[in-house]
Amino acid sequence: MELREALGQIAEIRQQMARSEVFRGYRSLTVGGSGALGLLAAFCQPYLVASPASELGRYISFWVGVAALSVIVAAGEMAWRVHHTHSALARQMTQLAVEQFLPSLLVGAGLTLCIYRSAPAVAWMLPGLWSFTFSLGVFASYRLLPRQFFWVGLYYFACGMGCFLWGQGPNALSPWQMGISFGGGQLLSAAILYWTLERTHDSQT
């Protein structure tokens, strides 16, 4: 019984340490690459989805594909790092980071499905909703990340507001709503990761 309690206390201590440490699983190169991909996708959207309002399924598939590719690359890199690390704390922090960000992705996916299936008339709201849900994911992960990530969450929130205020009528589903919000947000995240974690780490080695 005492051994079980001791093991439980050790697991709890590890979890508390993971919450107090800065998560280093996100890399500036990967995050910046996803931002560049977002800008490239915004440039390509008019050629691939000429009329997003009447091609809603293609529009959603296009941007979900861009997001899925970014997630797959980031998840693959984190899985590789976890597989090659011998630190139990690093594994714990990776799991915690995924647990904190995943609900926002699931909410965004659920909203997208509901709008596509039941309310296509309000599909113009999708870029704003995606920005809001991503903002919530950043704020949920804020305790594990450098404190400057507060501005990333605020950036996505502001982009969501902008999409709702100016993304109607002729501007509905404009490619640069996603290009500015997702592409810009990821590039800002990459810059913060490099400046706060990778640059200082490299200068110390």
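The values are calculated or read from the model by the stated rules, or taken from the named source; none is laboratory data. As the structure is a prediction and not an experimental result, all values here were calculated from the model. Here Cβ is always computed from backbone atoms with ideal geometry, including for glycine, and neighbour counts include all displayed protein chains.
Acidic (Asp, Glu) and in contact with a helix residue (DSSP H, G or I) (Cβ under 6 Å, 6 or more places away or on another chain) - does that describe any residue in the stretch 62-80? Before the answer, list the steps.
Pass one, the stretch 62-80, residues acidic (Asp, Glu): 77.
Pick out the ones that are also in contact with a helix residue (DSSP H, G or I) (Cβ under 6 Å, 6 or more places away or on another chain) and you get 77.
Yes, the conditions are met somewhere in the stretch 62-80.
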Only one of (1) closer than 26 Å to TRP176 by Cα; (2) in contact (Cβ under 8 Å) with a residue 24 or more places away in the chain does not apply to ALA68, and that is (2)
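Per-residue answers, yes or no, for (1) farther than 19 Å from SER131 by Cβ; (2) at pLDDT 95 or above:
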site	(1), (2)
MET1	yes, no
GLY38	no, yes
MET78	yes, no
GLN92	yes, no
ALA97	yes, no
LEU102	no, no
May I ask you to list the residues in the stretch 158-179 that are within 18 Å of the chain's Cα centre (by Cα) and closer than 12 Å to TRP130 by Cβ?
CYS159, GLY160, CYS163, GLN177, MET178
How many residues does the stretch 195-205 contain that are surrounded by 14 or more Cβ atoms within 10 Å (Cβ to Cβ) and acidic (Asp, Glu)?
1
Of the conditions (1) at pLDDT below 75; (2) in a helix (DSSP H, G or I), CYS114 satisfies every one except a single condition; which number is it?
(1)
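Kindly provide the set of residues from the stretch 142-194 that are polar (S, T, N, Q), assigned to a helix (DSSP H, G or I) and surrounded by fewer than 16 Cβ atoms within 10 Å (Cβ to Cβ), ordered by number.
Initial filter on the stretch 142-194 (polar (S, T, N, Q)): 148, 168, 171, 174, 177, 181, 186, 189.
After this cut, where a residue has to be assigned to a helix (DSSP H, G or I) as well, the list is 171, 177, 181, 186, 189.
Hit for the stretch 142-194 is ASN171, nothing else.
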Any residue at all in the stretch 146-158 that is modelled with pLDDT under 95 and either more than 19 Å from TYR26 (Cα to Cα) or touching a Gly at 6+ places or on another chain (Cβ under 7 Å) (or both)?
no
